[in-house]
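Working notes, beginning with the structure itself.
Here, each number is a calculation from the coordinates, and none is a lab measurement. None of these values were measured; they are calculated from a predicted model. Every residue, glycine among them, receives a Cβ derived from its backbone with ideal geometry; neighbour counts consider all protein chains shown.
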């Protein structure tokens, strides 16, 4: 970001209020808001906080005499030439943007801290100015969050998984059957699915399923079998129920004869896994470069 006018891209989410009420997509939710229902009030409060956060980011950019593009629609977007990507939202928005960003540094700002989870954000958007100034000046050292590569049938389907993947039967109520392999050890398993997470994702579903919380920048993946069970009284106990995958190694899972699905960073990306197809999980060569975690920048008036 050495040039006088860096290329800055601001990606922000649209609030649930905008999506469901303003755009008229859910009349029942709109009625809750009109009637003052607690759920409706919470949605409206989060909406107002989000809008004020966006205004604060715009004011900060104007004060610093910086130009930026603002986007909330990102279908088909691949971020290549921007010097700085500013995310205004919560963890869900950061996860979404992580699939669009290659090597550009990302400054994640929480737009609704009163209601939004912000584990991956570094500050509230209302206090964006010092972080923007420090980012443009090159004063924020990036924190590298390792992402995950997922291959299906020998083809890479993504190398930008920031949190986790869940492999399960295509019918969530049915048993997931597969063969898991790590190094020389392989075993057939029956369970309700397998979580595979990065260090950044270890605090979420993987931890809830019995995994360990890892340091944010640890260079390894973690897997946890969800609700493992043996069929028949004489089967040995599974050995590959929990474990880690270091850089250069991989976890391989071959689906059995029923259709399965691998969910990537939440419920919105679901990739079908055909019977007998093989999945491979490993550490990506493209970490996400997040700014602002090392230390808060000096105040700039």
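Laid out as a table, the results:
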item: Alpha-carbon centroids, segment 199-231 and segment 102-178: separation in whole Å; result: 16
item: Beta bridges per DSSP with both ends in the chain, % antiparallel, nearest 5; result: 75
item: Whether segment 8-145 is rounded, prolate or oblate, judged on the alpha carbon gyration tensor where a/c under 1.5 counts as rounded; result: prolate
item: Value of D in µm² per second that Stokes-Einstein yields for the chain, Kirkwood Rh from Cα pairs, at 37 °C (0.692 mPa s); result: 157
item: Inter-label distance for residue 35 and residue 271, nm, one decimal - labels placed 7 Å from Cα along Cα-to-Cβ; result: 4.3
item: Least to most buried among 265, 103, 159 (fewest other Cβ within 10 Å first); result: 103, 159, 265
item: Helix 38-63 axis, angle to the chain major axis (alpha carbon atoms, nearest 10°); result: 60
item: For the chain, built as a Gaussian network whose Cα springs stay under 10 Å, the top-fluctuating residue of 289, 127, 34; result: 34
item: Neighbour-count ranking [beta-carbon atoms within 10 angstrom, fewest first] of 242, 160; result: 242, 160
item: Three-way shape label, segment 161-301, alpha-carbon gyration tensor, a/c 1.5; result: prolate
item: Most mobile listed residue (209, 274, 30) in the chain, GNM with C-alpha springs under 10 Å; result: 30
item: 10 Å-binned pair-distance histogram of segment 48-126 (Cα, whole percent); result: 19, 52, 29, 1
item: Exposure proxy order (Cβ contacts within 10 Å, fewest to most) of 268, 37; result: 268, 37
item: Share of alpha-carbon pairs per 10 Å distance bin for segment 115-204, given as whole %; result: 12, 29, 31, 15, 11, 2
